[in-house]
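Report on one structure; see the data block that follows.
The values are calculated or read from the model by the stated rules, or taken from the named source; none is laboratory data. Computed from a prediction, not measured in an experiment: that's the story for all the values here. All Cβ positions, even for glycine, are placed from backbone atoms using ideal geometry, and neighbour counts span all protein chains on display. These accessible areas exclude ligands, DNA and RNA; they are computed on the full protein's heavy atoms, side chains included. Shrake-Rupley method; radii C 1.70, N 1.55, O 1.52, S 1.80 Å.
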Amino acid sequence: MKSTLFSLLLCTTYAAAHGILARVTIDGKVYQGNFPNANPNPSIIRQVNDVGPVKGANNPDIVCGLSAQKADLMADAMPGSVMTFDWRGGDNSAWPHNTGPIITYLASCGSQSCASFDASQAKWFKISQIGRKQDGNWAQADLMKAGATSSATLPSTLPAGNYMVRHEIIALHLAVNMGGAEFYPACAQIKVGGSQSGKIQQSELVSFPGAYKDNDPGIFDPNVFNPGEDNYVFPGPSVAAIAAGSGNEGTSNNNNNSNNNNNNGSSTGSASGPSQTGSASSNSNSGIKTSHKRHARSISRVMRDLLSQ
């Protein structure tokens, strides 16, 4: 009995120490994700098979997460739309990590629906990145507050079309050692309307794997816990010119980041407190929230039974 109880506690601790993208909100409309390995409900978020991180910059799972599967839906968006990303611990608690950047990329799916697009073939351009705030703390730490979210704004001149959105948290709490960085990428599928004609340069496009190396200074960072000595350099390309001047969304945590297109310090994007916008999911019994609750209730019942023996 003790070994079974220990295994359950270990499983719960593991889930709480990692996490996934639970839902995305676009201009106030909420799109639920799916818990790993759960029977999926239709979603715009590609479902992963585990709450754990991707390890290694050359890991094929760095594209969209661990064994990410294509999603069924596409969400409507417009140039300038605000996308809000709700990251949760694996037990549906607040995000568990506080060190490292938050980065957002886009990739065109061409004329095909992103629901059938092979993300390993995507060419990505960066639209936002956020690192340390002016007080030296990481914006990622704001996500540890209950209800906190991260957000990014689609470029105002983004051409109409089908796009993959790659929103990524890089946890650097173990990055003082080579290979210690933990990658949490997640992909969502959107269809952008409008009639804008902004251009993305070939030199701004990158592939995953390939965009990062394990020895990049923004991934292997021996000074990550010494803000005074750590001139943080974001990994990957600079923010694409099409996204320059998109602006910050503002935060409830007074997170005022400079808008720049280099890879030093902080740049566009935000992490914020509890969202006040959005509506309930169209099926209140579907998606990740219900799966988490069922999972938690099952563990609680088993633990109560074991403790009573």
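Observations on the structure shown:
- Spatially proximal aspartates and glutamates relative to Lys145 (Cα-Cα < 12 Å; intrachain offsets below 8 disregarded): Asp86
- Taking 24 Å as the limit for the C-alpha separation, the pairs Lys126/Lys199; Lys70/Lys126; Lys55/Lys191; Lys70/Lys191 exceed it in the case of Lys55/Lys191.
- Cα gyration tensor shape for segment 19-206, rounded if a/c is under 1.5, else prolate or oblate: rounded
- Electrostatic tally near Pro222: other residues with Cβ closer than 10 Å to its Cβ, Lys and Arg +1, Asp and Glu -1, net -3.
- Net charge of neighbours whose Cβ lies under 14 Å from the Cβ of Ile44, counting Lys and Arg as +1 and Asp and Glu as -1: +2
- Accessible surface of Thr157 - all protein chains present, 1.4 Å probe, nearest 10 Å²: 50
- Residues of type aspartates and glutamates that Lys213 reaches as a straight line, Cα spacing below 20 Å, ignoring anything fewer than 8 places off in the same chain: Asp61, Glu168, Glu182, Glu204, Asp221, Asp230
- For Asp76, solvent-accessible area (1.4 Å; no DNA, RNA or ligand), Å²: 110
- Annotation: Ser108 carries an accessible surface of approximately 60 Å², with a 1.4 Å probe and no ligand, DNA or RNA atoms counted.
- Charge dipole magnitude, Cβ of K and R +1, D and E -1 - segment 19-206, Cα centre, debye nearest 20: 240
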